[in-house]
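These notes concern the structure reproduced below.
Computed from the coordinates by the stated procedures, all read-outs in this text should not be read as laboratory data. All of these numbers come straight from a predicted model, not from anything done at the bench. Neighbour counts are summed over all protein chains in view; Cβ atoms, including those assigned to glycine, are modelled from backbone coordinates with ideal geometry.
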Amino acid sequence: MITRIGQAFRDGRGPALLGLAIMVGIIAGYATLGLRLGIGWVEQAAFGVTEERLASTAASLPAWRLVLIPVITGCIIAAMLGLGRRFGLSPDARGLGVADVLEARAY
């Protein structure tokens, strides 16, 4: 991989690769920002507060609501994974467990 990148710079494609890297970085940054804002919106909708006071507010919520919110979130994630598999966006998507993480770190 490194040799291909070096070859691309020697062939005069370096500026194109640099431009592509900058574009990917900008897109990843905005995607991260969007994800963070989305998490804040969900916290606001589910608990009525943002992350600064989430723990103290969650402690005062009724028990049924503390159970219902993760169940609904899990159903939404399962639906997203199912739709991804159905439309071929993520055919091998699955949850990772501790064993999968340990196996990946073994190499």
Here the Cα Rg-to-2.2 N^0.38 Å ratio for the chain is 1.62
Per-residue Cβ contact counts at 10 Å, fewest first, order Ile77, Ile69 as Ile77, Ile69
Region 29-49 scanned against label point 7 Å out from Ala63 along Cα→C-beta; backbone N under 11 Å for none
So the angle from the long Cα axis of helix 14-47 to the longest Cα principal axis of the chain, reported in degrees to the nearest 10, equals 0
From DSSP H assignment alone, runs of 4+ in the chain each adding -39500 (n - 2.57), the sum over residues rounded to the nearest 500 puts [θ] at 222 nm at -25000 deg cm²/dmol
The ratio Rg/Rh over the Cα atoms of region 18-57, Rh being the Kirkwood inverse mean 1/r radius, stands at 1.27
Per GNM of the chain with C-alpha springs under 10 angstrom, the most fluctuating residue out of Val24, Val71, Val42 is Val24
Mean shadow area (nm²) of the C-alpha convex hull around region 62-107 is 4.5
To the nearest 0.05, the calculated FRET efficiency linking Asp100 and Ile72 through their beta-carbon distance, R0 being 30 Å, is 0.70
The answer for trypsin sites (Lys or Arg not before Pro) in region 1-86 that fall in a DSSP coil and have at most 14 neighbouring Cβ atoms within 10 Å is Arg13
Listed with the fewest Cβ neighbours within 10 Å leading, Met80, Met23 appear as Met23, Met80
With Cα springs under 10 Å, the Gaussian network model of the chain assigns the largest mean-square fluctuation among Ala28, Ala45, Ala16 to Ala16
